[in-house]
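The structure appears below as structure tokens.
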Amino acid sequence: MTRIDFEAAATGTLPPGVTGALTGSGGPVAWTIVEDPTAPAGPKVLAQTSTDKTDYRFPLAIFEAPVAADIDVAVRFKPVGGAVDRAAGIAVRLSDPNNYYVVRANALEDNVRLYRMVNGRRSQFAGANIKVPTGAWQELRLSARGSRFEVFLDGKSLYSATDTAITAAGRVALWTKADSVTHFDDLRIQTL
């Protein structure tokens with residue numbers, strides 16, 4: 001298992017091995033290491049700080065490694081702000097910024113949804129309504145094995161679903177939407 005707490009990264013930069021990218025439209029993404037004294041794994045967190053209100057805009061922080069199809073990814077996240085959206089997500093099987101699966105928790109809508117992004121078009125195939133508080137650290141987790149996906153919030157399984165649109169190995173990314181300002185910490189990636 002790989003565990004990333006961002007403590008070794010310099011404030012105001014992107015950590016080594018991470019690149020910013022964008023699905024959809026709008027201005028440039030703004031991923032950077034910031035200080036958050038409330039963070040669970042030390043004061044440094046990876047944050048998406050752009051407040052671009054373009055609705056169909058999905059900033060990605062893509063990790064170079066690992067590249068896998070069957071994977072279990074968990075991250076602690078804190079929704080900080082956003083008027084259009086207040087979302088935190090985990091993308092898996094990412095081949096490029098337009099093709100991946102993503103689970104996302106939304107603090108404005110109080111739901112956790114699972115999508116496929118194929119050629120830049122997002123389609124929901126599972127979801128659950130559950131409280132996602134703003135300003136509080138929570139844990140989002142996605143397990144993908146073959147065609148089966150299981151989604152967890154704070155250690156509790158919310159649902160499982162199946163989909164076969166993307167089967168190839170890909171990268172892991174952290175994900176937000178529109179003007180979501182979100183802090184991420186304590187990323188854990190396990191290949192299955």
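The values are calculated or read from the model by the stated rules, or taken from the named source; none is laboratory data. Small disclaimer: the values here were computed from a predicted structure and weren't measured. Counting neighbours? That spans all protein chains shown, and the Cβs are built from the backbone with ideal geometry, glycine included. Only protein heavy atoms, including side chains, enter the accessible area calculation; ligands, DNA and RNA are left aside. Shrake-Rupley method; radii C 1.70, N 1.55, O 1.52, S 1.80 Å.
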Next item on the list: Quick one: Asp72 ticks every box in (1) surrounded by fewer than 23 Cβ atoms within 10 Å (Cβ to Cβ); (2) over 14 Å from the mean Cα position of the chain (by Cα) except a single one, so which number is it?
Entry: (2)
Item checked: Residue ID - nearest to Asp72 (Cα to Cα), chosen from residues in the range 111-156 that are without any contact (Cβ under 8 Å) to a residue 24 or more places away in the chain and open to solvent by less than 20 Å² (accessible area, probe 1.4 Å) -> Tyr115
Margin query: Here are the criteria: (1) of a type in the set (D, E, K, R); (2) open to solvent by 40 Å² or more (accessible area, probe 1.4 Å); (3) not in a strand (DSSP E or B). Tell me which single one Lys177 does not satisfy.
Written below: (2)
Next item on the list: Please indicate, with yes or no, whether at least one residue in the range 149-165 is under 18 Å from Gly24 (Cα atoms) and part of a strand (DSSP E or B).
Entry: no
Next item on the list: Test each condition in (1) buried (at least 20 other Cβ atoms within 10 Å of the Cβ); (2) of a type in the set (Asp, Glu); (3) within 19 Å of Val18 (Cβ to Cβ) for Asp85 and report the one that comes out false.
Entry: (3)
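Mind checking which residues of the range 147-187 are small (Gly, Ala, Ser) and at negative phi? Even if it seems obvious, please write down each step before you answer.
Step one: of the range 147-187, the residues small (Gly, Ala, Ser) are 147, 155, 157, 160-161, 165, 168-170, 173, 178, 180.
Within the range 147-187, Ser147, Ser157, Ser160, Ala161, Ala165, Ala168, Ala169, Gly170, Ala173, Ser180 qualify.
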Next item on the list: Looking at (1) part of a loop (DSSP other than H, G, I, E, B); (2) of a type outside the set (S, T, N, Q); (3) over 25 Å from Gln190 (Cβ atoms), find the lone condition where Arg122 falls short.
Entry: (1)
Margin query: Please go through the range 3-53 and give me each residue that is open to solvent by 60 Å² or more (accessible area, probe 1.4 Å) and assigned to a strand (DSSP E or B), ordered by number.
Written below: Arg3, Thr19, Glu35
Margin query: Every residue in the range 56-92 that is within 11 Å of Ala107 (Cα to Cα), of a type in the set (Gly, Ala, Ser) and in a strand (DSSP E or B), please.
Written below: Gly81, Ala87, Ala88
